Amino acid sequence: MQITPINSYHNRTNTGSKTAPAFGHGNESFWKSDYSTKDKLIVAGTTALGVMGSLAVLAKTRGHSLKPKAFLKFLKDMPIEFSSVATMGVGTCLGGLAGGYLIDKTKENRKAKRREAVMQFGNILIPIGTVKLTDLALNALKVGTDTIKDKSIRAVSTIGAVIAGIYIANFAMNKVSNAIFKDDSNERGIKGTDLFPHVDDLLASGEYILPGNKFVRKLGRIVPFALMVPGNEIGNKKAE
């Protein structure tokens, strides 16, 4: 299913321009950001620190040591559930926002970064809810995981729930951010990078088809890295 941005914005304004950029909320990814490589690395670094800090909090609250060997074991065995994704979501958003503030003092650009932080946090959390509701509905319909048919239904339903959740989150968080920032002149569209925070759910759909598959399980370890994408989106966001 192709995800098409709702709006397109061009002529990005450079941070050093003498004319302040008009506040806008377009759909370009951080990969297309016109910040320097050094600035992008700063944002990537603060985002990584935010996620790692979140992981450290998760480890301590669950009774694990932060000594390197014990911490690495925690990361290897950590269950990917709502609380862990939400905690990492807070870390990536705060880390990305901190990096964005470090590299850019422009008022309009900082406002765009704050608005993107609101959007990203909703995009991280809301689709988890749609996946959970879908799972409960399938349980009520007694769709199990014993047959290929049932496994396929669950896999397709999970993917559908993620995509539906992204669209719901985009709609809802645009309304929320419009209210917070008192600006409804334009809205942020859906980007391909909005899928990254939901790698865990996409992998779960693979688990239904290939239960216990070692490759699928190993892929689960990329979830913290995938959750760094929203932070980079926030830190590299500009008014347009």
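Remarks
- In the range 65-87, residue nearest to Gly231 (Cα to Cα) [restricted to those that are buried (at least 18 other Cβ atoms within 10 Å of the Cβ) and over 16 Å from the mean Cα position of the chain (by Cα)]: Met78
- Residue tally, condition surrounded by fewer than 18 Cβ atoms within 10 Å (Cβ to Cβ) and over 23 Å from Asp200 (Cβ atoms), over the range 149-177: 3
- Flag if Thr134 is modelled with pLDDT of 90 or more, under 25 Å from Leu75 (Cα atoms), in a helix (DSSP H, G or I) and not acidic (Asp, Glu): no
- Residues of the range 149-184 that turn out to be without any contact (Cβ under 8 Å) to a residue 12 or more places away in the chain and outside any helix (DSSP H, G or I), as a count: 2
Yes or no, residue by residue, for (1) of a type in the set (Gly, Ala, Ser); (2) part of a helix (DSSP H, G or I); (3) in contact with a helix residue (DSSP H, G or I) (Cβ under 9 Å, 6 or more places away or on another chain); (4) crowded, with 23+ Cβ neighbours inside 10 Å:
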position: Gly89; (1), (2), (3), (4): yes, yes, yes, yes
position: Thr92; (1), (2), (3), (4): no, yes, yes, yes
position: Leu97; (1), (2), (3), (4): no, yes, yes, yes
position: Lys105; (1), (2), (3), (4): no, no, no, no
position: Glu108; (1), (2), (3), (4): no, yes, no, no
position: Lys111; (1), (2), (3), (4): no, yes, yes, no
position: Arg114; (1), (2), (3), (4): no, yes, yes, no
position: Met119; (1), (2), (3), (4): no, yes, yes, yes
position: Pro127; (1), (2), (3), (4): no, yes, yes, yes
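- Asn170 meets each of the listed conditions (1) touching a Pro at 6+ places or on another chain (Cβ under 9 Å); (2) closer than 30 Å to Tyr35 by Cβ; (3) among the polar types (S, T, N, Q) apart from (1).
- Any hit, the range 67-80, residues being closer than 30 Å to Lys175 by Cα, touching an Asp or Glu at 6+ places or on another chain (Cβ under 9 Å), at pLDDT 95 or above and of a type in the set (A, V, I, L, M, F, W, C): no
- Qualifying residue in the range 52-62 (condition: in a loop (DSSP other than H, G, I, E, B) and modelled with pLDDT of 85 or more): yes
- Residues of the range 182-198 that are surrounded by 15 or more Cβ atoms within 10 Å (Cβ to Cβ) and closer than 14 Å to Asn123 by Cα: Arg188, Gly189, Ile190, Lys191, Thr193, Asp194, Leu195, Phe196, Pro197, His198.
- Annotation for the range 206-227: no member residue is modelled with pLDDT of 90 or more and farther than 23 Å from Thr87 by Cα.
The values are calculated or read from the model by the stated rules, or taken from the named source; none is laboratory data. Remember, it's a predicted structure, so these values are computed and weren't measured experimentally. Neighbour counts are summed over all protein chains in view; Cβ atoms, including those assigned to glycine, are modelled from backbone coordinates with ideal geometry.
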